[in-house]
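Have a look at the structure below, then the notes.
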Amino acid sequence: MKQKIKGTPPRLSVVYQRFEAPLYLVTFNTLFRRPLLAHDSVHTAFQHYAEQGLAFHVGTGRYVLMPDHVHVFVRIGPDMTLRRWIGGLKQCLGKALRALGHDRWRNAFGVGLSLRLKGIEPQARRYSRIGT
């Protein structure tokens, strides 16, 4: 049996146990905020990508797809990383943009995505007005 020293704080693994996969709010925009995403085919590609994510334990929650930016709640399971999911999303949306005639789709999202990753508790209060 391990000897406990009186008055020491509990270890982080005990304090911060992880029971569920993390939930992220991901926000990204197009380069120069060009309105490239305002097409039904882009929305269909996004929905298809979200459905395919279930096989990789990725749950896509509520989202807002605007002409120049996207807000999406994503729960990432242990089989996937957020970076890999975003890379796949960029590729999926890029194919839809290329089909629409945007030859330079690789530059559609700029050098890198502008991401805001936040914990769910502040977001739950902030986005409580999002309806069911």
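The values are calculated or read from the model by the stated rules, or taken from the named source; none is laboratory data. Being a predicted model, the structure only gives us computed values, none of them experimental. In this analysis, Cβ positions are derived from the backbone assuming ideal geometry, glycine residues included, and neighbour counts consider all displayed protein chains.
Here is how the numbers come out for the structure above:
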| quantity | calculated |
| --- | --- |
| Search result, residues across region 30-74 that are touching a Ser or Thr at 6+ places or on another chain (Cβ under 6 Å) and over 13 Å from TRP85 (Cβ atoms) | LEU36, ASP68, HIS71 |
| Unmet requirement for GLY61, which otherwise passes all of (1) modelled with pLDDT of 90 or more; (2) under 17 Å from PRO22 (Cβ atoms); (3) of a type outside the set (D, E, K, R); (4) part of a loop (DSSP other than H, G, I, E, B) | (4) |
| Residue that is nearest to LEU36 (Cα to Cα), among those in region 77-91 that are modelled with pLDDT of 90 or more and surrounded by fewer than 17 Cβ atoms within 10 Å (Cβ to Cβ) | GLY88 |
| Some residue of region 29-48 being assigned to a strand (DSSP E or B), within 17 Å of the chain's Cα centre (by Cα) and modelled with pLDDT under 85 | yes |
| Which numbered condition VAL14 fails, given (1) farther than 20 Å from LEU82 by Cα; (2) assigned to a helix (DSSP H, G or I); (3) at pLDDT 85 or above | (3) |
| Any hit, region 98-119, residues being at pLDDT 60 or above and outside any loop (DSSP other than H, G, I, E, B) | yes |
| Selection count, region 26-76, where residues are surrounded by fewer than 13 Cβ atoms within 10 Å (Cβ to Cβ) and closer than 14 Å to LYS90 by Cβ | 0 |
